[in-house]
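For reference, the structure discussed in these notes is given below.
The values are calculated or read from the model by the stated rules, or taken from the named source; none is laboratory data. Note that this is a predicted model, so its numbers are computed, not measured. With ideal geometry, Cβ positions are generated from the backbone for all residues, glycine too; neighbour counts draw on all protein chains shown.
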There are 2 protein chains.
Amino acid sequence: MDYTSQAETVVTSDIMTPAVIIDTHTVQKNIDKLQGHCDQHGISLRPHIKTHKLPSMAQRQIKAGAIGITCQKIGEAETMADAGIKDILITYNIIGDEKLHRLAKLAQRCTLSVVADNAYVVDGLAKTFVRADHPLEVLIECDTGANRCGVQSAEEALGLARLIHNASGLTLGGLMTYPPMGDQVRVNNWLKQAKDLLIANGLPCPKISSGGTPNMWRSQEVSVATEHRSGTYIYNDRSLIQAGLCRIEDCALSVRATVISRPTDDRAIIDAGSKMLTSDLLGMEGFGLIKEAPDVKITSLSEEHGILDLSNSKWSPKVGDQIHIIPNHACVVSNMVNHVYLVNDNHIEKTVVSARGLVT
Amino acid sequence: MDYTSQAETVVTSDIMTPAVIIDTHTVQKNIDKLQGHCDQHGISLRPHIKTHKLPSMAQRQIKAGAIGITCQKIGEAETMADAGIKDILITYNIIGDEKLHRLAKLAQRCTLSVVADNAYVVDGLAKTFVRADHPLEVLIECDTGANRCGVQSAEEALGLARLIHNASGLTLGGLMTYPPMGDQVRVNNWLKQAKDLLIANGLPCPKISSGGTPNMWRSQEVSVATEHRSGTYIYNDRSLIQAGLCRIEDCALSVRATVISRPTDDRAIIDAGSKMLTSDLLGMEGFGLIKEAPDVKITSLSEEHGILDLSNSKWSPKVGDQIHIIPNHACVVSNMVNHVYLVNDNHIEKTVVSARGLVT
């Protein structure tokens with residue numbers, strides 16, 4: 001199967017619904033705005049491509065000034081390297097012979113770095129890269145309060161740093177965290193303490209990578225960090241509007257859907273269900289924001305149907321009407337479709353989402 | 001892009017996680033069991049392929065005695081017709097010139113029927129098929145209590161039946177419903193009343209199609225129905241175990257995942273997140289049932305990580321261990337991956353999920 005990106009020019013009336021529509025003017029504004037913020041504060045920006053999974057978007061981000069990209073899966077990184085992206089950080093514990101073999105091949109064609117939060121992962125990397133031409137850069141993932149992956153203390157980071165530093169095929173890149181939202185001071189203190197401990201023990205700590213779109217406008221508060229990773233900022237979504245981090249007009253991705261049934265005065269049914277909008281609620285009510293009727297709630301989804309409650313609205317769409325929905329969570333929606341439509345004023349391009357579905 | 005089904009033989013150790021694993025022995029048992037039930041009660045079975053999106057599974061269902069298949073999207077139906085499936089019902093209001101054009105082409109190469117619940121949809125179908133070689137069979141979708149699509153009364157069904165009956169390119173197939181769960185008597189009364197009204201007005205009503213996997217063992221209670229549609233029964237899932245409709249060993253689909261991090265004694269992290277298991281809860285707690293540790297809850301998902309709470313369990317997996325998860329909802333999980341692995345005793349086949357992502 002050919003999953004490389006293909007572009008094909010179409011006209012608006014050709015777009016069958018449901019469809020993921022991406023406004024490239026808004027994309028560019030979002031890229032430029034966060035890049036400007038990071039430039040102003042002297043922080044390197046390393047966008048996470050999980051949100052778009054499109055080489056053309058990664059290239060826009062690099063062109064605007066990003067130092068490289070972040071991926072979560074080797075398959076995503078392979079696709080981006082195929083498209084000529086040169087600097088890739090995979091923020092994921094890589095485990096298993098097959099994956100390590102792919103990682104070694106990938107390292108031959110881009111500047112690659114990965115993370116580890118335990119000795120098992122470091123051992124696998126060390127064995128794989130022992131005879132490589134160049135050592136693999138490894139950052140230590142730290143749990144600074146988000147309660148996901150990561151070493152639990154500066155002392156634990158030190159132990160792992162020694163393992164990495166002593167492995168001939170590896171080089172110690174520093175620290176990485178996916179931080180909790182909000183408490184930037186705590187994150188900064190945690191990382192500073194670990195960095196100081198590494199340096200006090202004669203170990204290098206050149207890079208400290210933090211991230212998170214919800215933290216993006218406060219990235220400078222983690223002053224010890226050298227780079228910030230952010231994914232969702234390129235498209236934005238309803239969760240970020242809700243958090244006060246962007247406006248409706250900053251949302252570049254929307255789902256175009258058609259009203260296919262009006263069984264009652266209070267109910268409209270659209271052709272976008274959980275296989276398009278996903279069941280992600282992110283703490284909100286309803287499954288997306290309808291741009292044409294923000295007061296109308298998408299109350300439930302079945303796989304291919306969305307149900308709209310019109311009982312508290314004067315809006316009364318007819319069968320055949322099209323609407324546009326800002327999804328709760330953009331990153332999972334662009335992963336649901338084989339193609340997205342890139343739209344600007346007078347041009348529509350149908351593009352394969354080349355890194356979607358690459359689960360390994 | 002080539003989305004036709006391809007099979008490739010692999011060995012177990014080649015399977016990188018996360019992966020969707022399908023036990024074909026269990027699949028066959030599930031197919032045979034529901035087919036046997038329907039045969040015993042004289043009901044035609046028309047499986048919904050949304051669950052598997054695989055031509056090979058549709059062919060197994062037909063071979064076991066199914067009269068045809070159900071699809072929700074034209075793209076699914078096209079893929080199944082490509083694979084030689086001859087009798088397809090699309091249980092969806094089809095709207096828009098492009099889709100109607102595809103529908104007309106599809107009708108030339110299989111026995112096709114569709115549904116409609118409003119005059120706008122009937123008009124589109126009537127115009128499209130007015131000069132077709134064969135009339136298109138249209139069933140009227142009825143809302144028998146599930147509060148999704150469907151006409152609201154027998155009188156409304158009669159009005160739509162007249163429109164269909166009077167359109168030269170269409171033929172009236174009868175009634176269709178996606179019923180509410182549980183109250184089969186109400187569904188039967190609703191449909192019987194509508195059928196009686198059609199017949200009293202000189203209109204045909206040869207077919208009545210009901211469905212739903214949660215209703216499958218009680219399908220005979222909708223005695224007026226001529227056929228039953230069911231999708232999830234082929235794989236089963238945690239929601240059906242929870243509802244008492246199947247056992248763990250009847251679940252044919254599982255997600256194989258690897259423990260990639262053990263940050264604390266109470267927490268394990270796996271490499272399956274919401275881009276694999278999806279956020280579908282279907283009213284349950286946790287994001288799937290771990291076969292190796294049914295008492296352990298998958299408490300939260302980020303896109304590529306699943307978090308396991310080990311605080312109430314003696315089970316303590318190591319980094320690198322593999323586990324198998326029965327997802328809450330099988331139908332949405334097989335839609336997340338480009339490939340699934342079909343496994344029987346001594347054979348593993350990697351197969352493209354050829355109808356996934358075909359959102360139109």
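Summary of computed values
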| quantity | calculated |
| --- | --- |
| Residue list for the stretch A:180-195, restricted to those being in a helix (DSSP H, G or I) and without any contact (Cβ under 8 Å) to a residue 40 or more places away in the chain | A:Gln184, A:Val185, A:Asn188, A:Asn189, A:Lys192, A:Gln193, A:Lys195 |
| Yes/no for A:Val353 being at the interface with another protein chain (Cβ under 8 Å from one of its Cβ atoms) and at pLDDT 95 or above | no |
| Which numbered condition B:Thr299 misses (of (1) surrounded by 17 or more Cβ atoms within 10 Å (Cβ to Cβ); (2) in contact (Cβ under 8 Å) with a residue 12 or more places away in the chain) | (1) |
| Odd one out for B:Leu281 among (1) more than 10 Å from every other protein chain (Cβ to nearest Cβ); (2) closer than 27 Å to B:Thr213 by Cα | (1) |
| Leading residue by the ranking (nearest to the other protein chains (Cβ to nearest Cβ)) among those in the stretch A:304-337 that are surrounded by fewer than 19 Cβ atoms within 10 Å (Cβ to Cβ) and closer than 19 Å to A:Met16 by Cβ | A:Gly320 |
| Candidate set from the stretch A:122-134 (those that are buried (at least 18 other Cβ atoms within 10 Å of the Cβ) and of a type outside the set (Phe, Trp, Tyr)); member that is nearest to the other protein chains (Cβ to nearest Cβ) | A:Gly124 |
| Members of the stretch A:56-83 that are surrounded by fewer than 24 Cβ atoms within 10 Å (Cβ to Cβ) and touching a Gly at 6+ places or on another chain (Cβ under 8 Å) | A:Gln59, A:Ile62 |
| Residues of the stretch B:288-303 that turn out to be in a loop (DSSP other than H, G, I, E, B) and within 13 Å of chain A (Cβ to nearest Cβ), as a count | 2 |
| Candidate set from the stretch A:190-225 (those that are crowded, with 18+ Cβ neighbours inside 10 Å and of a type in the set (Ser, Thr, Tyr)); member that is modelled with the lowest pLDDT | A:Thr213 |
| Strands (runs of 3 or more DSSP E) fully within the stretch A:210-287 counting 2 or more residues that are in contact (Cβ under 8 Å) with a residue 60 or more places away in the chain | A:227-229, A:253-264 |
| Selection within the stretch B:197-209 - free of Cβ contacts under 8 Å to residues at least 12 places away in the same chain and touching a Cys at 6+ places or on another chain (Cβ under 9 Å) | B:Ile199 |
| Lone qualifier among B:Gly202, B:Gly212 - being on the phi > 0 side of the Ramachandran plot, more than 17 Å from the chain's Cα centre (by Cα) and of a type outside the set (S, T, N, Q) | B:Gly202 |
| In the stretch A:250-266, residue surrounded by the fewest Cβ atoms within 10 Å (Cβ to Cβ) [restricted to those that are over 25 Å from A:Val353 (Cα atoms) and of a type in the set (S, T, N, Q)] | A:Thr264 |
| Count of the stretch A:131-171 residues which are part of a loop (DSSP other than H, G, I, E, B), at negative phi and at pLDDT 95 or above | 11 |
| Number of the condition not met by A:Pro204 [criteria: (1) under 30 Å from A:Asp295 (Cα atoms); (2) not in a helix (DSSP H, G or I)] | (1) |
| Any hit, the stretch B:102-113, residues being crowded, with 19+ Cβ neighbours inside 10 Å, more than 20 Å from the chain's Cα centre (by Cα), touching a residue at least 40 places away in the same chain (Cβ under 8 Å) and closer than 24 Å to B:Pro179 by Cβ | no |
| B:Ala167 more than 25 Å from A:Asp266 (Cα to Cα) and either surrounded by fewer than 20 Cβ atoms within 10 Å (Cβ to Cβ) or more than 24 Å from the chain's Cα centre (by Cα) (or both) | yes |
| Any hit, the stretch A:34-50, residues being closer than 22 Å to A:Val333 by Cα, in the same structural domain as A:Asn93 (by TED's automatic domain parsing), touching a Leu at 6+ places or on another chain (Cβ under 9 Å) and among the β-branched types (Val, Ile, Thr) | no |
| Only one of A:Arg247, A:Arg186, A:Arg148 that is under 25 Å from A:Glu76 (Cβ atoms), surrounded by fewer than 23 Cβ atoms within 10 Å (Cβ to Cβ) and under 24 Å from the mean Cα position of the chain (by Cα) | A:Arg148 |
| Single unsatisfied condition, A:Val187 versus (1) away from every other protein chain (no Cβ under 13 Å); (2) at pLDDT below 95 | (2) |
| Per-region count, the stretch A:226-244, residues acidic (Asp, Glu) and buried (at least 24 other Cβ atoms within 10 Å of the Cβ) | 1 |
| Elements of type strands (runs of 3 or more DSSP E) in the stretch B:1-115, at least 3 residues being at pLDDT 95 or above and within 14 Å of another protein chain (Cβ to nearest Cβ) | B:19-23 |
| Any chance B:Ala119 is hydrophobic (A, V, I, L, M, F, W, C), more than 26 Å from the chain's Cα centre (by Cα) and within 14 Å of another protein chain (Cβ to nearest Cβ) | yes |
